[in-house]
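Q: Sharing a structure below in structure tokens format, with a few things to ask.
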Amino acid sequence: MSAYNQNFVPPAAGTANGNQGSSLVNGLPGAVPHHQQQPPPSAVAPASAQQYLQQKAQQQQQQFQQPPAQPYPGISSNSSLPPPPLQFNSNIANKFLPPSSTSANNGGPPPSTLPQHLRPPTANGPTSLTNGSNGAPSANSSRTASPGLIGAPQLGGLPPMPHNPQFAHGAPLPTAVPQQSQSVASLTSNMHQMNLHRTNGPSANSQPQQQQLPPQQQQKQQQQQLPLANPMAGPVMGSKPPNLNPSTSRVIGGPPTVGGVQPAPVLAAGQRIMYGGAPGSNEQQSQNQQNNNLQRAAPPPGAGTAWPPSLPKAAVPGIPPPMQTQQPQAQSAPFAQQQPQNTAQSAPFAPPQQYQYGQAYQQPLHQPPLPQQQQQHQPPPPTGMFGAQPSSTPLQYQSQPPPPSMQSQGQHPYAQPQPTSGPPQLGAPVPLNVAQQGFSRLWGQDTIDLMQNRHILSPATLPAPKVVLHNQFHESINCSPSIMRCTVTKIPETNSLLQKSRLPLGIVIHPFRDVNNLPVIQCINIVRCRLCRTYINPFVYFVDSKMWKCNLCYRVNELPEDFQFDPATKTYGDVTRRPEVRSSTIEFIAPSEYMLRPPQPAMYLFLFDVSIIAQQSGYLEAACSVLNRHLDEMPGDARTQVGFICYDSFVHFYSMAEGLNQPHEMTLLDIDDPFLPRPDSLLVNLKECKELVRDLLKLLPKRFAHTHDPGSALGAALQVAFKLMQSSGGRITVFQACLPNKGPGALEPREDPNNRSAKDVAHLNPATDFYKRFALECSGYQIACDLFLMNQQYSDMATISGISKHSGGCVHHFPLYQKTKQHMVDSFRMCFKRYLTRKIGFEAVMRIRCTRGLQVHTFHGNFFVRSTDLLSLPNVNPDAGYGMQISYEESLTDVKTICFQAALLYTNSEGERRIRVHTVCLPVTSSLPEVMHSADTEAIIGLLSKMAVDRSIASNLSDARDAFINATIDVFNAFKIAQNLPSGQSGQLIAPRSLALMPLYILGLLKHPAFRVGTSTRLDDRVYAMDCMKTLPLDQLMKFVYPELYKIDGLIYHARNSNASTTEEDDEEDPLPELPRLQLSAEHLDSRSIFLMDCGQLIMLYVGLNVPPDVLEAVLGISSTAELGDYVYGLPHIVSAEYDILQRFLLRLNYDKPYSALVQIIRDTSTAKGQFIERLTDDRSESSLSYYEFLQHIRAQVK
């Protein structure tokens, strides 16, 4: 906004003609009533109405006479120093300012006939401000009215705005307007239908009418405009600003109406007509929102300016207030000839932009080619997002006008400016304002530049993206994301659309998760679709009270009569009140038709490695101790049976037959052809033989304490265990401490310790298929094998873990286990306790059903695929997760939503057959941007990690790593194409908010022990990490891939403040403060603070070297960090508020974990610091890139 320049000298008395000497009418007392408005019959207003308006203008000007104001305190009006830049966002619309309107009538009435002493000041001289003695009108105007709005009522404009008495300052409204003053009444009416646009010069659509000036005067006029180039270089006045809301009148860039007739607008080449908004661009709207105390400046040359009728005009000494002028229609032809020149003057301003939904991502309009002489003066295009100003641009540059040199350059009004080395110019397309960004975020359509926003983690754990079904009931009962999540929350309509997005389509599922308040239903008939066997769910369609339509195959089925019975109220009523249609996760008690045989009892068989290496590790003592303590907590009923087998170079059985006072040991020497020494009493009833079992658990650690057998006949022990369990099925738990080297399945060492950091990792595949064939045989008899590997040396987990991968079992690994390492003993005890006491499902099968048009083509996890879509799970546990890839059979153009349903049929530990059903509903879209914005990053990472494990085994590790990087590049390329982003933008990596964390997590996978190269990694550790990638539920997997880092100073501060303000009567605990989650970088570390890193099953407390002693005393019970050893595990018990709040925070972190994580305390100078530093994946290491360098690599590959 420019303002009045006090160096200007008001011109002499008005000229003889009425055009140069007339002024714009302003200071009207209020809006003319709508019923009194008449279209102007002519361009000349009667004298009576003109006298009335001039009297009112003079009265109000005398009433609000004010002394001249200085532009800024301490700066004289003649000072040439620029004002301070604007420090607020000019794109924020202020809706709390009074309404106003302006007009741009460029005509004018004849000179006033009032006596000289009754005329307003402007009636005695010309209105146009002159700059110098030549009388040329000034172009430095900050109040540019919208031309051609006199005819707005005829074009369907809005009615005049109501009178606002708050800003009328007591000015009376005229009770009647004579018929002969119709033009003035029309002028007053139309002034209320326009919006005041403050710009520095004419807007892109405004076409001010002015007389043709000689070239010498034009050049001199342009030179005199330079001091007012700054929008704030003007005096400050105390009048209230106009309304900042955009006008809803129809705007046409053309000459004013004459005689009530709207002439056709005369447009320059390439100029557009805009309806429904103000003619100014976003720059005009942004300048409308400047400081409320800025004074309005003079109008542009030849353009009319009207002061809002509800706001009095503050008088400025030495400058006459302008009045409205009206040019005769005879000047329409000269104006049409001058349009190219006027258009060139408005070139620095951006074209009008109406940011509607998704319009920010559209391609720019085609621009006609510019003349060579104009193109050479254009600055290069901006380098910001979507061709707009970069987000890093200071706010003071976002509202600045173009430099004065650009005002004189002839440019096309809609030409795209070119980038410059300095700040972005006003002519550049503006970024989305705050309100539009808020709507984009609300709709899930916002984007982010990853190169400029490195720290993008949210303050807390990232929530799963919300599924929008446009049905509040369906959204509220949809399947929990902790149980089932899809990689996209909006399914692409066709396979080609999916391929364009480059996103993987699949689901990750945690089917046997511990669920609170799980509805369990027992009914005679379980309602299912007769065609596809889908279980009835909340997303089916009820044709009537007796018919329902399947939401997967769309078949119409009949409802049984008993379905109308509501078990909750014990009454017959509405079928929609049944629990089956009000919960997406439900469990049925299956009738006998779902049983091939009577439900099996809980059968547990334990195999212990008792070789010399196993005895030296001391695991057997801890295992027997935990088993003896939690024997009564094992799931089962009165039929539960248990058995024990030990093996070294031979196989040892233990008979606990009835009548024996102690267990009887039998040793099998022929391990090449193993057999059962006796058919019974090897598996005994736990309830009946509990004392014998306890005695055996106490004797086993002592029985083999002095043996020195180096052999391990694991294969033979598994074979006899299968023979023992095949009649009933059950669970085999194997404890292995060394490489099997005796009997069937004997293995040889394959790892080269000197080649652990090589890029090509070998021996990820099993050395023999013996263990895989054994697992498949067990799966056919409903037997699952679980493995606890307690090795101190290479044990070939890639081979022996096959007993669990193909039988639905689980794998636990405790490398370098020693009974002298108390933290490893504690960790094993907690893990084994959870293993013994968690619920279990026997002889289970799971099937995934999809809506017609989709199918499951690949499964990931530990199971055996019995048929195309049926998974055999001899055992299912609540800590196991699975993944499925989805493919298309046909397009989904005729459906609005699709559903996935997972049905798990199992026998619980009480011998009851049950069916747990999960159903998730997702919308279908045909929009590629919506698909990209609906991506679920965590689900994508979960599925990609499972796919990469299979790729590593089938091909090699390098291919899997390349696949991670290529998947990231492909997704960002697809998003760039979907949003029509221009290519070749250096320094930017634009990503949707939904995929902003994908590069961060991909980097975490590349640096994870499962996939990293260049770092020494034991082969067994790598294979175990890969197994966790395939079997961990998604919430645990994300902490396994990218740990959570917190600075706990906020907890200590909160504890001390709450302790000081809490009285003895307050019994309720204060809620824990929300700690910001930090990215894994050493730049966040501080030697004066304590940091907590949650890695899943391990929590590290990193203690800085300069932590205050009082904090150390309150949290750790020490006075100095020197008292901490190199390897400290567990928190000491301290009686303090700080310790209590830390324990509460740890409890919250461990709430969703299978068991509490082990706490390790690491001081800044400890030798264990490397364990903490290697998990800072954002930082660079010797063999890997930092996060920022990885972003640069991705950006360089995105074309």
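Q: Can you report the number of residues in the range 737-764 which are over 15 Å from ALA798 (Cα atoms) and hydrophobic (A, V, I, L, M, F, W, C)?
A: Qualifying residue count for the region: 1.
Q: Has the range 1134-1145 got at least one residue that is open to solvent by less than 20 Å² (accessible area, probe 1.4 Å), in a strand (DSSP E or B) and closer than 29 Å to ARG513 by Cβ?
A: Among the residues of the range 1134-1145, not one is open to solvent by less than 20 Å² (accessible area, probe 1.4 Å), in a strand (DSSP E or B) and closer than 29 Å to ARG513 by Cβ, which makes the answer no.
Q: Please state which one of ARG750, ARG694, ARG703 is closer than 30 Å to SER958 by Cα and surrounded by fewer than 22 Cβ atoms within 10 Å (Cβ to Cβ).
A: ARG750
Q: Something else now. With closer than 26 Å to GLN822 by Cβ and under 33 Å from the mean Cα position of the chain (by Cα) as the only criterion, which of ALA1122, ALA1157, ALA1082, ALA1114 stands out?
A: ALA1157
Q: Further question: Is there a residue in the range 669-686 that is farther than 30 Å from LEU747 by Cα, under 57 Å from the mean Cα position of the chain (by Cα) and in a loop (DSSP other than H, G, I, E, B)?
A: yes
Q: Moving on. Can you tell me which condition ASN755 does not meet? The list is (1) open to solvent by 10 Å² or more (accessible area, probe 1.4 Å); (2) closer than 30 Å to ASP869 by Cα; (3) of a type outside the set (Val, Ile, Thr); (4) out of contact with any His (no Cβ under 8 Å at 6 or more places or on another chain), and all the others hold.
A: Checking ASN755 against (1) open to solvent by 10 Å² or more (accessible area, probe 1.4 Å); (2) closer than 30 Å to ASP869 by Cα; (3) of a type outside the set (Val, Ile, Thr); (4) out of contact with any His (no Cβ under 8 Å at 6 or more places or on another chain), the one that fails is (2).
Q: Run down VAL1128, VAL1198, VAL1111 and say which single residue is under 25 Å from ASN1059 (Cβ atoms) and β-branched (Val, Ile, Thr).
A: Result of the check over VAL1128, VAL1198, VAL1111: VAL1111.
Q: Let me ask another. Could you please give the count of residues in the range 466-489 that are outside any strand (DSSP E or B) and in contact with a Ser or Thr (Cβ under 6 Å, 6 or more places away or on another chain)?
A: Of the residues in the range 466-489, 5 are outside any strand (DSSP E or B) and in contact with a Ser or Thr (Cβ under 6 Å, 6 or more places away or on another chain).
Q: Can you spot a residue in the range 820-830 that is outside any strand (DSSP E or B), within 21 Å of ASP1035 (Cβ to Cβ) and open to solvent by 10 Å² or more (accessible area, probe 1.4 Å)?
A: Looking through the range 820-830, at least one residue is outside any strand (DSSP E or B), within 21 Å of ASP1035 (Cβ to Cβ) and open to solvent by 10 Å² or more (accessible area, probe 1.4 Å).
Q: Hey, which of the helices (runs of 4 or more DSSP H) in the range 1025-1129, taking only ones fully inside, have at least 2 residues that are over 21 Å from ARG1175 (Cβ atoms) and free of Cβ contacts under 8 Å to residues at least 12 places away in the same chain?
A: Those helices (runs of 4 or more DSSP H) span 1049-1061, 1109-1115.
Q: State whether the residues of the range 700-714 include one that is in the same structural domain as LEU631 (by the TED database), touching a residue at least 60 places away in the same chain (Cβ under 8 Å), closer than 21 Å to ASN875 by Cβ and not acidic (Asp, Glu).
A: Yes, that holds for at least one residue.
Q: Checking the structure you have, find out if any residue of the range 725-735 is assigned to a loop (DSSP other than H, G, I, E, B), open to solvent by 50 Å² or more (accessible area, probe 1.4 Å) and within 15 Å of LEU605 (Cβ to Cβ).
A: yes
Q: Might you check whether a residue that is assigned to a helix (DSSP H, G or I), outside the structural domain of CYS778 (by the TED database) and either open to solvent by 10 Å² or more (accessible area, probe 1.4 Å) or without any contact (Cβ under 8 Å) to a residue 24 or more places away in the chain (or both) occurs anywhere in the range 562-574?
A: yes
Q: Look through GLN1097, GLN1079 and report the one residue that is at pLDDT below 95 and either under 21 Å from ASP826 (Cα atoms) or small (Gly, Ala, Ser) (or both).
A: Answer to the check: GLN1097.
Q: Open to solvent by less than 70 Å² (accessible area, probe 1.4 Å) and in a loop (DSSP other than H, G, I, E, B), is that true of PRO463?
A: no
Q: Within the range 912-953, track down each residue that is open to solvent by 10 Å² or more (accessible area, probe 1.4 Å), under 21 Å from VAL876 (Cβ atoms) and under 23 Å from the mean Cα position of the chain (by Cα).
A: Within the range 912-953, just VAL920 meets the criteria.
Q: Scan the range 631-677 for residues that are open to solvent by 40 Å² or more (accessible area, probe 1.4 Å) and either touching a Ser or Thr at 6+ places or on another chain (Cβ under 6 Å) or of a type in the set (Val, Ile, Thr) (or both) and jot them down.
A: If the condition is that a residue be open to solvent by 40 Å² or more (accessible area, probe 1.4 Å) and either touching a Ser or Thr at 6+ places or on another chain (Cβ under 6 Å) or of a type in the set (Val, Ile, Thr) (or both), then GLU633, PHE650, HIS664, THR667 are the ones that fit.
Q: Separate question: Here is a list of conditions, (1) under 28 Å from ALA880 (Cα atoms); (2) surrounded by fewer than 14 Cβ atoms within 10 Å (Cβ to Cβ); (3) not β-branched (Val, Ile, Thr), and ALA1122 meets all of them except one; can you say which number that is?
A: The number of the failed condition is (1).
Q: Can you pull out the residues in the range 839-858 that are open to solvent by 30 Å² or more (accessible area, probe 1.4 Å) and either farther than 22 Å from MET595 by Cβ or part of a loop (DSSP other than H, G, I, E, B) (or both)?
A: The answer is LYS839, ARG852, GLN855, HIS857, THR858.
The values are calculated or read from the model by the stated rules, or taken from the named source; none is laboratory data. In this text, all values refer to a predicted model and were calculated from it rather than measured experimentally. Quick reminder, even Gly has a Cβ in these numbers, built from the backbone with ideal geometry, and neighbours come from all protein chains shown. Surface areas here come from the heavy atoms of the whole protein model, side chains and all, with no ligands, DNA or RNA. Shrake-Rupley method; radii C 1.70, N 1.55, O 1.52, S 1.80 Å.
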